[in-house]
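Reading through the structure tokens given below for one structure.
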Amino acid sequence: MNEMSVLVLSAATLGMVHTLLGPDHYLPFIVLSKARNWSRPKTMWITFIAGLGHVSGSVILGVIGIAMGISLSKLEAFEANRGSLVGWMLIAFGLLYTAYGIYKYIKKGAHVHLPAFLRPKSLRGKHMHLDMQELEKEDTAGKLTPWILFLIFVFGPCEVLIPMLIFPAANHSAMGVLMVALVFGVATIGTMMAVVYLGYKGFSLLSLKGREYQFHLLAGMVILVAGAGMQFMGW
């Protein structure tokens, strides 16, 4: 097995491993798909686009850095700073979505358990357990959520990728750089989508009729924990 084959195999392995070891790569998509009642195709599409942005950001940075002759240590330091930034972005998003979940619970959850005469006029005469579509009607936050995820993942670094791009670049092999980036990207995005798909299928087995609104709060807390894990525990 030649050096290029070893490098490509390493890119595939590290792409899968670094994704599996980083819950921030898949947990936000799983919990938000349930909270926002996304269909399976929509969930997978959002995951794919975010993963593509995630890998492309590091590939572009690596190629530009190598072309400009920037040292590996400086590129790795820059990636580390990007990782810290994304950790704080996830924490901020988690806090905001947790607050949104509390708001949804108070507005939709607490009122439905009150007698009709004590509920706000807008909710009187409605069934005690509102279905998901009714709860999410006229909810504009759902339109922003995929874009926020995409933005966060574009800034998200792939620390293990740039060092692997150095070897073929040092040998002036544009095809080698392309192969490593492509294989790493396919492995990373494929692993993200596989784990999100399994999580989506797992949640679909849960019967939460009448309690779907509570998932907004859970989603916010999960995203917050993922961000804290990335920022303070090196996920």
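So in the stretch 73-94, with the set limited to residues that are more than 24 Å from VAL186 (Cβ to Cβ) and of a type in the set (A, V, I, L, M), which one is surrounded by the most Cβ atoms within 10 Å (Cβ to Cβ)?
LEU90
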Checklist entry - Which of the following residues is surrounded by 14 or more Cβ atoms within 10 Å (Cβ to Cβ), touching a Ser or Thr at 6+ places or on another chain (Cβ under 7 Å) and either within 25 Å of LEU182 (Cβ to Cβ) or modelled with pLDDT under 90 (or both): VAL59, VAL55? => result VAL55
Item to check | the stretch 38-49, residues that are buried (at least 19 other Cβ atoms within 10 Å of the Cβ) and over 12 Å from VAL196 (Cα atoms) | outcome: TRP38
Checklist outcome for this item: For ALA35, the lone unmet condition from (1) hydrophobic (A, V, I, L, M, F, W, C); (2) crowded, with 18+ Cβ neighbours inside 10 Å; (3) out of contact with any His (no Cβ under 7 Å at 6 or more places or on another chain) is (3)
Checklist entry - Based on what the data block shows, is VAL196 at pLDDT below 90, crowded, with 19+ Cβ neighbours inside 10 Å and assigned to a helix (DSSP H, G or I)? => result no
Next on the checklist: For the stretch 118-180, give me every one of the helices (runs of 4 or more DSSP H) that falls completely inside it and has 3 or more residues that are surrounded by 14 or more Cβ atoms within 10 Å (Cβ to Cβ) and at pLDDT 80 or above.
Outcome noted: 141-155, 161-170
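Being of a type in the set (A, V, I, L, M) and under 18 Å from ALA187 (Cα atoms) is true for just one of LEU61, LEU52. Which residue is that?
Working: LEU61 fails: under 18 Å from ALA187 (Cα atoms).
Testing whether each residue is of a type in the set (A, V, I, L, M) and under 18 Å from ALA187 (Cα atoms) leaves just LEU52.
Confirm whether LEU90 is in a helix (DSSP H, G or I), in contact with an Asp or Glu (Cβ under 7 Å, 6 or more places away or on another chain), closer than 25 Å to LEU149 by Cβ and at pLDDT 90 or above. Walk me through how you get there before you give the answer.
Numbers: in a helix (DSSP H, G or I): yes; in contact with an Asp or Glu (Cβ under 7 Å, 6 or more places away or on another chain): yes; closer than 25 Å to LEU149 by Cβ: yes; at pLDDT 90 or above: yes.
When the stated conditions are applied, LEU90 passes them.
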Item to check | Filter result for ALA110 (at pLDDT below 85, among the small types (Gly, Ala, Ser), over 27 Å from THR188 (Cα atoms) and surrounded by fewer than 18 Cβ atoms within 10 Å (Cβ to Cβ)) | outcome: yes
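The values are calculated or read from the model by the stated rules, or taken from the named source; none is laboratory data. Keep in mind that this is a model prediction, so the values were computed, not measured. When we count neighbours, we look across all protein chains shown, and the Cβ atoms used for this are built from the backbone with ideal geometry, even at glycine.
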